[in-house]
Amino acid sequence: MAAERLAELLKSSKAAVILTGAGISTASGIPDFRGPNGLWSRRRPVYYDDFMSSETARIEYWDYKLESWDIYHRAQPNAVHHAIVALERAGKVVAVLTQNVDGLHRRAGTATERLVELHGTDLLVECQRCHATSDPLPHFDAFRATRRPPTCGCGGILKAATISFGQSLRASDLDRAAVAVRRADLVVALGSTLSVHPAASLPLLAAQRGAPYAIVNRGATDHDGLASVTLRIEGDVTAVVPRAVEAALAHD
Ligand SMILES: [Zn+2]
């Protein structure tokens, strides 16, 4: 059984790095934005430079954020988020690296010092001038009422604290991820097609150093067939991961 092999890898590990993608949040009711019914198939993404230079682009952006906020706001962490927290509490995880901006790891209880939200978070709004962060809710309410993109008290432009198209990942996040990957004795990629860089290259850094590398995803990934992949489980993460974690943490 593939889940049993994953359980064995987790059981032997004392310093796992977990990388997660959109596939772990679909069971929480968050659609994969890259999938066929995702927002990105209906809306074109707003690039960072356009956002900063055009009021029209900002209105389009906030319109799209309003739509996703209604989904994020209601979503609850699922059994996979909770299984990762159980691994952390057993002292087996050095870092949870996520490509998701839905904040569900945070809400499930993943420790802040272990969590690296590579693409930022939709649970905060950030001023593009003074970099202050705040709760998005009042800004959404104001935008809904006035259709005017929100601004900061300092006069700066507000944007969700996510990495937009045309924007680089935060150097501090990449540094923290790199440090974790260097320490990893196991790397597990969950629910990611491993096609978005640089996030997708992180597990390979650990695998190339000799750490076992397990992938669980429904559908093809860009790392399928690589020699450095130890275990590839095809299937839904919610059907595999909670069971494997439970087995890994069970007393002999
Ligand atoms: Zn500001």
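The values are calculated or read from the model by the stated rules, or taken from the named source; none is laboratory data. This is a predicted model, so every value here is computed, not measured. Using ideal geometry, Cβ is built from the backbone for each residue, glycine included, and neighbour counts are taken over all protein chains shown. Heavy atoms of the whole protein, side chains included, go into the accessibility calculation; ligands, DNA and RNA do not. Shrake-Rupley method; radii C 1.70, N 1.55, O 1.52, S 1.80 Å.
Structure above, values below:
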item: Those residues of the range 62-78 which are in contact (Cβ under 8 Å) with a residue 24 or more places away in the chain, open to solvent by 40 Å² or more (accessible area, probe 1.4 Å) and within 23 Å of F51 (Cα to Cα), in sequence order; result: E67, I71
item: The range 166-180, subset outside any loop (DSSP other than H, G, I, E, B) and open to solvent by less than 40 Å² (accessible area, probe 1.4 Å), residue nearest to the ligand (Cβ to nearest atom); result: D173
item: Matching option when the condition is over 25 Å from E117 (Cβ atoms) and among the polar types (S, T, N, Q), among S228, S192, S201; result: S228
item: Of residues in the range 94-121 being over 14 Å from the mean Cα position of the chain (by Cα) and assigned to a loop (DSSP other than H, G, I, E, B), the one farthest from the ligand (Cβ to nearest atom); result: G109
item: Single unsatisfied condition, G91 versus (1) more than 16 Å from the ligand (Cβ to nearest atom); (2) on the phi < 0 side of the Ramachandran plot; (3) out of contact with any strand residue (DSSP E or B) (no Cβ under 7 Å at 6 or more places or on another chain); (4) part of a loop (DSSP other than H, G, I, E, B); result: (2)
item: Residue list for the range 122-165, restricted to those being away from the ligand (no atom under 15 Å from the Cβ) and under 18 Å from the mean Cα position of the chain (by Cα); result: D122, L123, T162, I163, S164, F165
item: The lone exception for E67 - which of (1) touching a Ser or Thr at 6+ places or on another chain (Cβ under 9 Å); (2) at negative phi it fails; result: (1)
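Table: residues versus (1) among the polar types (S, T, N, Q); (2) open to solvent by 10 Å² or more (accessible area, probe 1.4 Å); (3) assigned to a strand (DSSP E or B).
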| position | (1), (2), (3) |
| --- | --- |
| V188 | no, no, yes |
| L194 | no, no, no |
| S201 | yes, yes, no |
| A206 | no, no, no |
| V216 | no, no, yes |
| A227 | no, yes, no |
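Conditions (1) of a type outside the set (S, T, Y); (2) without any contact (Cβ under 8 Å) to a residue 40 or more places away in the chain, marked per residue:
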site: L115; (1), (2): yes, yes
site: H119; (1), (2): yes, no
site: V125; (1), (2): yes, yes
site: C130; (1), (2): yes, yes
site: T133; (1), (2): no, yes
site: P136; (1), (2): yes, no
site: D141; (1), (2): yes, yes
site: R144; (1), (2): yes, no
site: C154; (1), (2): yes, yes
